[in-house]
Structure formats: structure tokens, C-alpha cells
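J.: Please find one structure pasted underneath; my questions will follow.
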Amino acid sequence: MAGTAHFGIIDAIAAAADDLTAWRRDIHAHPETAFAEHRTAEIVGNHLAAFGIDVTAGLAKTGVVGTLHGRESGPSIALRADLDALHLTEENDFAHRSTHAGQMHACGHDGHTTMLLGAAQYLAQTRRFAGTVHFVFQPAEENEGGGRVMVEEGLFEQFPVEQVFGLHNWPWLAAGEMAVHIGPVMAAADRFDVEIEGKGGHGAMPHQCVDPVVVAAQVITAFQTIASRTTCPTDTAVVSVTRLEAGETYNVIPARVRLSGTTRSFAPAVQAQIEARMREIVQGVCSAHGAVGRLDYRRGYPATVNDPEAVVWAANAACAVVGEQRVHRELPPSTGAEDFAYLARERPGCYVWLGTGNGPETPGLHHPQYDFNDAMLPVGASYWARLVESRLPLQTIGSH
């Protein structure tokens, strides 16, 4: 799909493409990280107020919720976008590159925010729906669980909804295509630290030591059997040791080793099995070598699981915008994590992917040369608008 030329793009939104691009690039140039999205939240609030939408600010520190009522009474739904950037140094040299050292919008949240603002502007102008839409602009998606904080602070008590919908750009999918999953779409992400205490000593006299480095090597290797020999082959389990800290010099066997990493899964039973097996491995391997092992396993974002009924509405809206042939329904879920999971755990939800890729050389998410594909801004905004109008249809004849 070249540019925004497609039958499903709403004309009024397509006409606003230059404004959307300007908004997005301004946000990109001024990235803000978790719970510090003050400028971004202010911009969002000011736009919503200018559209005539009721604004509630301050939920989860920098979260913003805009509330818009349709022409008739009806159900309430929530549409969610994320506000925050990453702690990453940008390597692009275009005019709208980050002006904040060590921070950049490398995950496309600037595009997510802009697409939802574009939909809010259109829906406020037309109000061709029956019910209420809450536009949820959430802080701190990256690592800090802003979605969890919003839920804990009463998001759905203050703004009751029947369903909640989310969207993420996907540079690994061709621009103008979309993907909708039934069931799991993003994985649960847990973190762990392992402390192995042995007996240090001279590197030339290992027989007088309990070498925790050797023990750690066997623990790491044994961890890989969790996916290959403990987990059912039709399930998904990832155990990745991403950090090993030990020793200070060449000829000293250290007394302690620290391992750190992440696990990924889709099913709660598999998640529990991973943790239990890791504890058995740490205790068993360490004991066999005369070392002492301690596992600190911390549950993180739960799996993002799409509700089948919400999927129907999302898929229909996607087809209306990009066409049936461009909507993928059978793609495997991602082992990346997403804190939209906290919202979808509280209310039936659906989280879709919007393709933004321009070929295999397109930088992926969290890459220092990533930049959101501005041609997709009207596509995403039109998706949100058509989702609202189809999910909350007017009933009165002549209301259009």
C-alpha cells in the first residue's frame, strides 16, 4: 500500500495527515521515559480539550484519559495508547531526532499516541456512535508497568468499560497490513537472579576451592533443558541467561557468581513450571558441587491474551481499513511482552499489530535507528475510528 491510498482510510483523517505527522515528529523529538512523560501528557491533554473531549489527568502520575460520548447512549469501551520512550541513544540524523540525550522513541509509542489523537479528533467532530469512548493514554509501558498502576489506581472503576482495545506498530509486517490473534498475542515476561556461593581461592589450586563459575556453567546449561525436556513441545517456554558476573582477575577463583535473565511463556501453568524447575536445578546442581544457590524469581508482565469476542470487532475494523487480504489471523504470537496485559486481564480486550515495515532493512523495535512510519498514521487512526463506529453503532434511523 503506497502512502495512505486505500479505500478504508477515512477521508477526514487522510486530510489531516500533515498535522498527524507534525504531532508525531514533535513527540519523537522530545521523548520522555516512564512516569516522566509530563510534556507529552500535556500535549495530549491540550489536544483532547481542543477537540471538545473531557480530560482527566494524573492517573498513574502522567496518564491521561479522554472521555467522549456519542450521539446516543450505549456501551462504553476503552482505546489505549502508550506515551513513554526508551532509555536509548538515537542514531538517526533527521530533523526530528531526539533532543534528549539517552532517550528516544525506539518503540513507536509516539506513533501510537498520535494515531489515537487522530481518531479522537475525528470522532469528536462526527460523534457517529452510540455510547462512550475512553481514550486511555498510558505512561510507563517500557519495563515499569504503567498499565498495572493505572488499573491499581482505579482506571476501570472511574471509567467503566465493557471492552478494551490496544494496538502496536509492527515493523516486521509490511506497511498497511495488520495482524489479529485469538488467545495469546504477547508473552508473560519474568526476571530472575541466581546467587551461587562457593569457596574462592587460587586459580592454580582449584582442588582447594568450590568453583562457583563451573557450577554456574552447569546451571546455565541445565536451564536450557526446561524448554527442551520439561515443557510440552506444543507449549512455549524461553529461559535466557543474559548476564553473568564473577571474579576480578585472572588467577583467583571467585567465591560468588551472579546470574540474571528473563523467561517467557504464554500459559500460567507453563510459567509456574518454569519457576519450579529453575528452583530445582539451582538447588540440585549447587548441592551436588558443595555450593549454595539462591534463586530470586520475580513475576513481571503477564501474558497478553485476546478475548475472542473482542477479536471479532477488531478484525472487522481492520478489514474495513486495510482489506481482508491484508489482515493476518494465523501469525504466531510474539515472545515479547506488553503491559496492555494488565488491562486485558481486567476487561475483555484485543491487541492488534499494525504493519509499518518497508522491507527487510527496516530497523526493528528498540533499534537506535528506528523511526515510526508516518504513512501509517492515517491507517491506525482510521482503524480506531472504524472500530468505535462499528462496535458502538447508532440505532436511530437518520442519525448518520
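The values are calculated or read from the model by the stated rules, or taken from the named source; none is laboratory data. On a predicted model such as this, the values are computed, not experimentally measured, just so you know. In this analysis, Cβ positions are derived from the backbone assuming ideal geometry, glycine residues included, and neighbour counts consider all displayed protein chains.
J.: Can you tell me which of E275, E248, E330, E280 is under 30 Å from H202 (Cβ atoms) and charged (D, E, K, R)?
T.: Sole residue among the options that is under 30 Å from H202 (Cβ atoms) and charged (D, E, K, R): E248.
J.: In this structure, is R264 buried (at least 23 other Cβ atoms within 10 Å of the Cβ), more than 30 Å from Q158 (Cα to Cα) and touching a residue at least 24 places away in the same chain (Cβ under 8 Å)?
T.: yes
J.: Since P332 meets every condition but one in (1) touching a residue at least 40 places away in the same chain (Cβ under 8 Å); (2) under 21 Å from the mean Cα position of the chain (by Cα), which condition does it not meet?
T.: The failed condition is (1).
J.: Yes or no: D84 closer than 26 Å to V164 by Cα and either at pLDDT 95 or above or among the basic types (K, R) (or both)?
T.: yes
J.: Working carefully through the options E280, E309, E324, find the one that is in the same structural domain as G198 (by TED's automatic domain parsing) and surrounded by fewer than 17 Cβ atoms within 10 Å (Cβ to Cβ).
T.: E280
J.: If I filter the stretch 95-109 for residues that are in contact (Cβ under 8 Å) with a residue 12 or more places away in the chain, of a type in the set (S, T, Y) and either surrounded by fewer than 24 Cβ atoms within 10 Å (Cβ to Cβ) or touching a Pro at 6+ places or on another chain (Cβ under 6 Å) (or both), do I get at least one hit?
T.: yes
J.: Does the stretch 156-164 contain at least one residue that is free of Cβ contacts under 8 Å to residues at least 40 places away in the same chain, not aliphatic (A, V, I, L, M) and not assigned by TED's automatic domain parsing to the domain that holds A269?
T.: yes
J.: When the residues of the stretch 137-173 are narrowed to those that are within 15 Å of the chain's Cα centre (by Cα) and at positive phi, which ends up surrounded by the fewest Cβ atoms within 10 Å (Cβ to Cβ)?
T.: Ranking the qualifying residues of the stretch 137-173, first place goes to N143.
J.: Now a separate question. Any residue in the stretch 23-44 that is over 15 Å from A57 (Cβ atoms) sitting within a Cβ distance under 8 Å of a residue that is modelled with pLDDT under 95 and surrounded by fewer than 21 Cβ atoms within 10 Å (Cβ to Cβ)? List the pairs, counting only those 6 or more apart or interchain.
T.: Correct list of pairs: A34/N143.
J.: Somewhere in the stretch 44-53, is a residue of a type in the set (A, V, I, L, M), surrounded by fewer than 19 Cβ atoms within 10 Å (Cβ to Cβ) and either under 25 Å from L387 (Cβ atoms) or touching a Lys or Arg at 6+ places or on another chain (Cβ under 6 Å) (or both)?
T.: The answer is yes; a qualifying residue exists.
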